[in-house]
Amino acid sequence: MQFLLESKVYNILPLTFKEVLRFKNIEFKKKYSTIEKAELQNILQDILEFWTFPEIVLSSNNLFKIDNLKTYLDILIYKDLLERYKIDNEFSLKYLIKSLTIWYTKQVNISKIYNELKSQNIKIWKTTIYEYYNYIKNIFYIFEIENYFSKTWAKECFLYNIWFNKLLWNKINYWQSFENLVFIELKKKYEKIFFKKNWNEIDFYIEEENLNIQVCYELNIENLKREIKPFKKQNWKNFLIYNIKQNNLKISENIEILNFMEFIKKIN
């Protein structure tokens, strides 16, 4: 979201977890009781499902949340895109939006989307899809991050509102939602966020702090080796952030394993 004030443009990011707690009049502190931790976990799960618009956060009525979020999406498509940019190929625009929404946290592949449209006998130039993609970025539907090793590689995209994924795909991918939430928390603090893709892939890299970050919604013995493998050739600060963790997992010394609340405290 963007607004103009005193001739300056301000970008408004979604609420962070700490801001959500403030809206709910919950104190942000170093230690919480077992009951408080359970309440925080419920709030986190609600965020992963409905996201963090203020009126959504403050409501306990799921039908109200869904109706409002559907209205937001209609405004984005019909007012901010179709009318504003005078787009006449509504099908292709919606197809692009749905593709980006389903594959958020992944690398954007415009050529694949173009070929899928061609296979459906939809007539559109690839350059037009790129134009639509830029329009979608302009209205803050998605954020982009670059590969630290190569700016020419395809960029990864993250959603401004992850609930649109549930609306357009009819399900929730908590793994993607959790990674998107971590991105928003980082975005609030750091101007430049990269991913790394070379011999291995690192979810996020903060150059100014030499910080590598891997995100795992549910960490267990089956995926532990896979999650820590990208850190092996990284000599900098390494964070592995999780939401749910199996007990008694052993982690190497150069990796700091943090639950979501520990991560929030680290960057605040």
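Some points to look at:
- Subset of the range 83-118 (residues that are among the aliphatic types (A, V, I, L, M), assigned to a loop (DSSP other than H, G, I, E, B) and under 15 Å from the mean Cα position of the chain (by Cα)): Val108
- Search result, residues across the range 90-142 that are crowded, with 18+ Cβ neighbours inside 10 Å and of a type in the set (S, T, N, Q): Ser92, Ser99, Thr101, Thr105
- Of the candidates Asn223, Asn247, Asn268, the single residue that is out of contact with any Pro (no Cβ under 8 Å at 6 or more places or on another chain), without any contact (Cβ under 8 Å) to a residue 12 or more places away in the chain and under 24 Å from Tyr32 (Cα atoms) is Asn247.
- Residues in the range 205-259 that are under 29 Å from Asn42 (Cβ atoms) and of a type in the set (Ser, Thr, Tyr) were compared, and the one that is farthest from the chain's Cα centre (by Cα) is Tyr242.
Residue by residue, here is whether (1) in a helix (DSSP H, G or I); (2) at pLDDT below 90; (3) among the polar types (S, T, N, Q) holds:
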site	(1), (2), (3)
Leu15	no, yes, no
Lys18	yes, no, no
Asn25	no, no, yes
Lys30	no, yes, no
Glu39	yes, no, no
Ile43	yes, no, no
Leu48	yes, no, no
Ile56	yes, yes, no
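- Taking first residues from the range 160-185 that are farther than 15 Å from Phe143 by Cβ and partners that are in a helix (DSSP H, G or I) and among the basic types (Lys, Arg), the Cβ contacts under 6 Å between residues at least 6 apart in sequence or on separate chains come to Leu168/Lys98; Ile172/Lys166.
- When Thr128, Thr152 are screened for being over 30 Å from Asn68 (Cβ atoms), in contact with a helix residue (DSSP H, G or I) (Cβ under 8 Å, 6 or more places away or on another chain) and not acidic (Asp, Glu), only Thr128 passes.
- Residue in the range 159-202 that is modelled with the lowest pLDDT, counting only those that are farther than 22 Å from Ile56 by Cβ and surrounded by 15 or more Cβ atoms within 10 Å (Cβ to Cβ): Lys197
The values are calculated or read from the model by the stated rules, or taken from the named source; none is laboratory data. This one's a predicted model, so the numbers in the text were calculated from it and none came from an experiment. As a convention, Cβ positions derive from the backbone with ideal geometry for all residues, glycine included, and neighbour counts pool all protein chains shown.
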